[in-house]
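The values are calculated or read from the model by the stated rules, or taken from the named source; none is laboratory data. Keep in mind the model is a prediction, meaning the values are calculated, not measured. For neighbour counting, all protein chains shown are included, and Cβ atoms are generated from backbone atoms with ideal geometry for every residue, glycine included. For accessibility, only protein heavy atoms count, side chains too; no ligands or nucleic acids. Shrake-Rupley method; radii C 1.70, N 1.55, O 1.52, S 1.80 Å.
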Amino acid sequence: DAGVIQSPRHEVTEMGQEVTLRCKPISGHNSLFWYRQTMMRGLELLIYFNNNVPIDDSGMPEDRFSAKMPNASFSTLKIQPSEPRDSAVYFCASNVDRGGGYTFGSGTRLTVV
Amino acid sequence: RKEVEQDPGPFNVPEGATVAFNCTYSNSASQSFFWYRQDCRKEPKLLMSVYSSGNEDGRFTAQLNRASQYISLLIRDSKLSDSATYLCVVNSGANNLFFGTGTRLTVIP
């Protein structure tokens, strides 16, 4: 099992540019989560998909953030336009929807300058 | 009020010591509970689930007190490799995990 796979591992971009983060959940997991982690705020849930359908996007900071899950094996989180305050580590996680724990990917460390 | 609250630490303990972390949660309807471990610049990883009857995994013991809405993690005979941040995690029942901000542990030689 390859685990949850995220790309890129690191991203440095200039303010105003579009950023796309990618995630491949564990095969057979039907729930996918995008989190953002900063020193100040800890882990924050951005959006949650179940069976490829967005269930809760109340954590998405603003309209600059969007997420898609076109199929069971792929999801993207897009920030357009990016701002310095978006700098954080973005984690993708997945699980089987039975109220259990999640498996996290290695994260994408985003720096917006 | 935050869903999950825990002491951020840091806890600095000598090797071999016993250390305990506590956490409280606000939603009395919460159904499942976990401790995660996060190493510096790594992703959180599931350490153990927490059951109502309490459970033990080697040097680690987790306890749940539903009446007080309180979860604990006890680490006995601390090792240098136990140095990490420990995250208290609560599932609200809608497959949505709420994470505490974490307690940092440093085990000193």
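You will find that of A:S58, A:S94, A:S106, the residue that is within 13 Å of another protein chain (Cβ to nearest Cβ), hydroxyl-bearing (S, T, Y) and open to solvent by 50 Å² or more (accessible area, probe 1.4 Å) is A:S58 and no other.
When the residues of region B:21-49 are filtered to those that are within 14 Å of chain A (Cβ to nearest Cβ) and over 24 Å from A:G105 (Cβ atoms), the one that is surrounded by the fewest Cβ atoms within 10 Å (Cβ to Cβ) is B:A29. Name the residues in region B:76-87 that are more than 11 Å from chain A (Cβ to nearest Cβ) and surrounded by 22 or more Cβ atoms within 10 Å (Cβ to Cβ), would you? Matches in region B:76-87: B:Y86 only. Being free of Cβ contacts under 8 Å to residues at least 40 places away in the same chain, open to solvent by less than 60 Å² (accessible area, probe 1.4 Å), farther than 24 Å from B:Y36 by Cα and away from every other protein chain (no Cβ under 13 Å): is that true of A:R64 here? The answer is yes for A:R64. Inside region B:45-72, can you point out the residues that are touching a Lys or Arg at 6+ places or on another chain (Cβ under 8 Å), basic (K, R) and not in a strand (DSSP E or B)? Within region B:45-72, B:R59 is the sole residue that qualifies. Can you name the residue in region A:67-91 that is open to solvent by less than 50 Å² (accessible area, probe 1.4 Å) and of a type in the set (G, A, S) and, of all such residues, is farthest from the chain's Cα centre (by Cα)? Going through the qualifying residues, I end up with A:S82. There is at least one residue in region B:55-75 that is over 21 Å from B:A29 (Cβ atoms), under 11 Å from the mean Cα position of the chain (by Cα) and free of Cβ contacts under 8 Å to residues at least 40 places away in the same chain.
In the set B:T101, B:T18, only one residue is open to solvent by 10 Å² or more (accessible area, probe 1.4 Å), under 13 Å from the mean Cα position of the chain (by Cα) and not small (G, A, S); that residue is B:T101.
Conditions (1) within 17 Å of B:N91 (Cα to Cα); (2) over 14 Å from the mean Cα position of the chain (by Cα), marked per residue:
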residue: A:T20; (1), (2): no, no
residue: A:R36; (1), (2): no, no
residue: A:M40; (1), (2): no, yes
residue: A:L46; (1), (2): yes, no
residue: A:Y102; (1), (2): yes, no
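Just a yes or no: is a residue in region A:25-36 over 16 Å from A:V96 (Cβ atoms) and open to solvent by 40 Å² or more (accessible area, probe 1.4 Å)? No; the residues of region A:25-36 include none that is over 16 Å from A:V96 (Cβ atoms) and open to solvent by 40 Å² or more (accessible area, probe 1.4 Å).
Residues in region B:26-44 that are modelled with pLDDT of 95 or more and in contact with an Asp or Glu (Cβ under 8 Å, 6 or more places away or on another chain): 0 in all.
In the condition set (1) of a type in the set (G, A, S); (2) in contact with a Ser or Thr (Cβ under 8 Å, 6 or more places away or on another chain); (3) crowded, with 18+ Cβ neighbours inside 10 Å; (4) over 21 Å from B:A17 (Cβ atoms), B:A62 is compliant with all but (4).
Against the list (1) under 25 Å from B:R37 (Cα atoms); (2) at pLDDT 95 or above; (3) open to solvent by less than 30 Å² (accessible area, probe 1.4 Å), the condition A:R22 fails is (3).
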